[in-house]
Amino acid sequence: MLALGLVGLVVAYTSRIDAILFVAVMLVAVVAAAVLAARHRRPALAVHRSFGSERVMPGHPLSVDLTIANRSLRAVGAATWTDGWRWVSPAGMLARGATGSSESSELPPLRGRWGDVQTAVSVSWEFEPPLRGDIEVGPVRVTVGDPFGLATATVQAGDTTRLLVLPEVQALDDATFGLRRADGQAHRADHRATGGEHELTTRAYRVGDPLRRVHWRASAHHGELMVRQEEQRSAAEVSVLLETRRDRHPDAEPGDPLESDSFEWAVSMAASLAVHLDAIGYRVHLIETGAPQLAAHAGADLDGLARVALTSLERTTGVSLVPPGRLGSSRLGSIFAVLAELDDATVGDLVAGRAPYDSAVAFVPAWSSDEDLARLAAAGWTCIPVGVVDEPRDAWASSLKRGAA
């Protein structure tokens, strides 16, 4: 219509026909009025956003629930909405970002505010995070138009909400699990307290408990079926080494800390190990081959693993297998190393740092050389060849079959 109006003005000027001039002016005026009407109809909205789950992993759908309230006196008629997202790279502005949004959907009509009452509607969309780390979801973009559909205006509503996407954690089998403690002996923590041994090591039978765990002496003492509590291993220590150096991951792209399939697999494997070992009572230490990024305290630091990135900064002392705050001369229990491409220096550091550990397992790339694997095996490492297409649970099962655990 605007193009026809402008052409009509030129034709009317050259032909001096008043009717064409009148039509051209009307066309231009209608478009201008539509633009003003769309801008005038931009609503004032308040948005509350919540997520269907507190723990989310890449590739797993997440429900994003929105409550949109009208803060203006005017009603909001026909409108559409979208909710955007932006991945916040741990490398800052130097890394390539990722953005996206939900599909455009119709916004249910919102009546105007009456007194202190705000009319609100609830909408939702499904978000599947493509990457681990911090993702900012929002703001909501609401688009309104004029009654004739000639112009639209878009307004941003609400703030962004920070969502932490954890690395993928897989459940690992512990059916034949039997790590050693720091002193080299199979660990069984003793709990000493008043009240008797039975109350501290047994509990009442629950439906689904295996009969092999029934404690018959305690059952006779209490007059009801009692089962042994889960074994506690609060004093046992396990270290998990993660390869974070960029040059050890050949598929890493410069300036993009998460564009490496081998690194993402390593993070997922390390996270699965840390969560599994922590859940069954072991004190877990996370160690990095590159510059420290994770918290120094023991535990399954999933928040830290969600934000860990490849680094070009290496330790001046090479790869250290000693957890922060520990002495290399003390017994350190067991260690699991999640590695990438090996070189002579890395193999040498692994061989030199093996002594304080009672057992050592290395998850190495399937294409590692026989020479490197032989050097590690001679030093007491159990090497498990893996690839990025392997599931962490399968790699763990392979270590159990090899008797590594």
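The values are calculated or read from the model by the stated rules, or taken from the named source; none is laboratory data. Just so you know, these numbers come straight off a predicted model, no measurement behind them. Cβ: placed from backbone, ideal geometry, glycine included. Neighbour counts: every protein chain shown.
Computed quantities for the displayed model
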| quantity | calculated |
| --- | --- |
| Pair list, Cβ < 7 Å and 6+ apart or interchain, from the stretch 76-93 residues that are in the same structural domain as D146 (by TED's automatic domain parsing) to residues that are at pLDDT below 85 | R86/G97; W87/G97; W87/A98; S89/A95; S89/G97; S89/P257; P90/P257; A91/P257 |
| Top-ranked residue in the stretch 34-93 [being in contact with a Phe, Trp or Tyr (Cβ under 9 Å, 6 or more places away or on another chain) and of a type in the set (D, E, K, R); ranked as nearest to S312 (Cα to Cα)] | D83 |
| Elements of type strands (runs of 3 or more DSSP E) in the stretch 1-119, at least 2 residues being over 30 Å from V308 (Cβ atoms) and at pLDDT 85 or above | 45-51, 62-70, 79-88 |
| Residue among S53, S15 that alone is assigned by TED's automatic domain parsing to the domain that holds A75 and loosely packed, with under 14 Cβ neighbours inside 10 Å | S53 |
| Selected residue (criterion: nearest to V275 (Cα to Cα)) from residues of the stretch 301-354 that are touching a Pro at 6+ places or on another chain (Cβ under 7 Å) and among the basic types (K, R) | R307 |
| Count of the stretch 346-393 residues which are in contact with a Cys (Cβ under 9 Å, 6 or more places away or on another chain) and of a type outside the set (A, V, I, L, M) | 3 |
| Some residue of the stretch 356-370 being within 23 Å of R132 (Cα to Cα), in contact (Cβ under 8 Å) with a residue 40 or more places away in the chain and polar (S, T, N, Q) | no |
